[in-house]
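Each remark here refers to the structure printed beneath this line.
Rule-based calculations on the coordinates, nothing more; no lab input. Nothing here was measured: the structure is a model prediction, and the numbers come from that model. No Cβ is skipped: glycine too gets one built from the backbone with ideal geometry, and neighbour counts run over all protein chains shown.
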Amino acid sequence: MPTTRLPTDDGSAGDVRPFSIDVTRAAQDDLRTRLSSARLLPASPARPPSALDATYLAELVSAWRNFDWPARQRWLNTHPQVLVDLGDVAVHAVHQPSADPHAPALLMMHGWPHTFALQLDFADLLPDFHVVVASLPGFTFSSPYRHGPQTHARLAQTMHQLMGALGHQRYLTYGEDVSAPVNDLLAATHPEAVLGVIATHAHFPDLAERARLADPATDAFFARLADQRHAFAGYAHQQGTRPDTLAVALNDSPAGLLAWIVEKLAEWSDTPDEVPGGVEQRLSRERILTEVSLYWFTQCIATSFRPYYEQVTDPQVAPPVLVPAAVHVQRHELDYPEAAARAHYRDLRVFERLAEGGHFTVAEVPQAMADRVRTFAASLDL
């Protein structure tokens, strides 16, 4: 199956098919040709300081042109992968069963702009779990939904079906970024299946919830986010209002795609602000280039925008989570209010503000988070 096209739904619902990544030589050569003729620009004179500047971008373009994709592909393929047909979507996942048949299962979901690959170093530290690292519909090797919008409720149901198809009737769950609400909704709507929920991007209460809380810390947290929205949320507005126009440019220009993705990896990680290249203190260059390569070779940038513009049309009132929960507040939301967590996660076993780890928490501090997940699971006496 060509990896520059998303898989087609050629199986019945619930079918599980082995999968391996096989990017053609022609696709690799095309990428190098495009990067060799990239037309880069100098930084604007009045541009605000950023963790991605013109010099660092040029360095990454050169590194990507010489990137050993075959070696990285071999490493990715050491992780057993599947495609699972679930109605009108084929979901890609890494499925790493533990040698212990009685081990707990853990579902892991990524966000934007990363992929399943950024979570594999963390998954590899959990041989005592049956680990499933899912690719969200429309990301890398998972097809987009063919009919209807991609809502949180639909994603939660798909992820639950995925775990059932892989033989895991009960499991722990973890999500980041756009999959964080899916993480919570999955636990809230399938408490019979979800043993516990782990959150580094905890629930954001809506206006009605905030009014009921009447909590000064909650009001201050959301006031801070509102103050920063103009400076930091332009990407989300573009992806949520003009996704196809943006996607045309990013799907055609690897340098543009690189800049769009790495800017977020750099600014959202727990690394020095305004230090170009500082992201590599948490996410190695090899891992960064793996991420952009997967977006490029699968041509999934357009469908990766769907959570931004389709969810807006289907607001989801979030029910409270009643199963055991562990909330680890990542560094970019360090003032997240404990009152909001306790109001939403009714059986909150852990509330912790992390000393290290940003938006991509399990990728940035994998060993520390693996230890936390293991401790939480042990406390549940599974």
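Hey, fewest Cβ within 10 Å first, where do 186, 106 land in order? Could you put the intermediate results ahead of the total?
Numbers: 186 30, 106 25.
Final ranking by Cβ density, sparse to dense: 106, 186.
Using a simple spin-label model with pseudo-atoms 7 Å out from Cα toward Cβ, residue 371 and residue 99 lie 2.4 nm apart. Compactness ratio for region 184-243: Cα radius of gyration over 2.2 N^0.38 Å (N = residue count) comes to 1.48. Projecting each Cα onto the charge dipole of the chain (Lys/Arg +1, Asp/Glu -1 at the beta carbon, about the Cα centre), which of 218, 174, 56 comes out farthest on the positive side? Of the candidates, 56 comes out farthest on the positive side. Taking label positions 7 Å along the Cα-Cβ direction at both residue 74 and residue 339, the computed distance is 5.7 nm, reported to one decimal. Here each label is just a point 7 Å from Cα along the line to Cβ, and for residue 380 and residue 219 those points are 3.7 nm apart. Among the trypsin sites (Lys or Arg not before Pro) within region 124-186, those in coil by DSSP and having at most 14 neighbouring Cβ atoms inside 10 Å are 146, 170. Highest GNM mean-square fluctuation among 185, 76, 172, for the chain modelled with Cα contacts below 10 Å: 76.
Across every pair of non-identical alpha carbons in region 170-210, the mean reciprocal distance, once inverted, gives a Kirkwood radius of 10.6 Å. Each Cα pair under 8 Å and six or more residues apart adds its sequence gap; the mean of these over the residue count of the chain is a relative contact order of 20 percent. A compact globular protein would have a Cα radius of gyration near 2.2 N^0.38 Å; the ratio found for the chain is 0.95. At most 15 other C-beta atoms within 10 Å and a DSSP loop state: those are the exposed GluC sites (Glu not before Pro) I care about. Give me the longest piece of the chain that has none. Longest run free of exposed loop sites: 1-191. Computed over region 89-244, relative contact order equals 21 percent, with contacts defined as Cα pairs under 8 Å that lie 6+ residues apart. Taking region 180-209 and a reference point 7 angstrom along Cα→Cβ of residue 226, the backbone N atoms nearer than 12 Å belong to 207.
Can you give the helix-only mean residue ellipticity at 222 nm for the chain, where every DSSP H stretch with n ≥ 4 adds -39500 (n - 2.57) and the sum goes over all residues, rounded to the nearest 500 deg cm²/dmol?
Working: 17 runs with 164 residues, N = 382.
Mean residue ellipticity at 222 nm (helix-derived): -12500 deg cm²/dmol.
Using the 2.2 N^0.38 Å rule of thumb for compact globular proteins, work out how region 1-131 stacks up: its C-alpha Rg over that value, please.
On the way: Rg = 19.1 Å, N = 131, 2.2 N^0.38 = 14.0 Å.
Computed over Cα atoms of region 1-131, the ratio equals 1.36.
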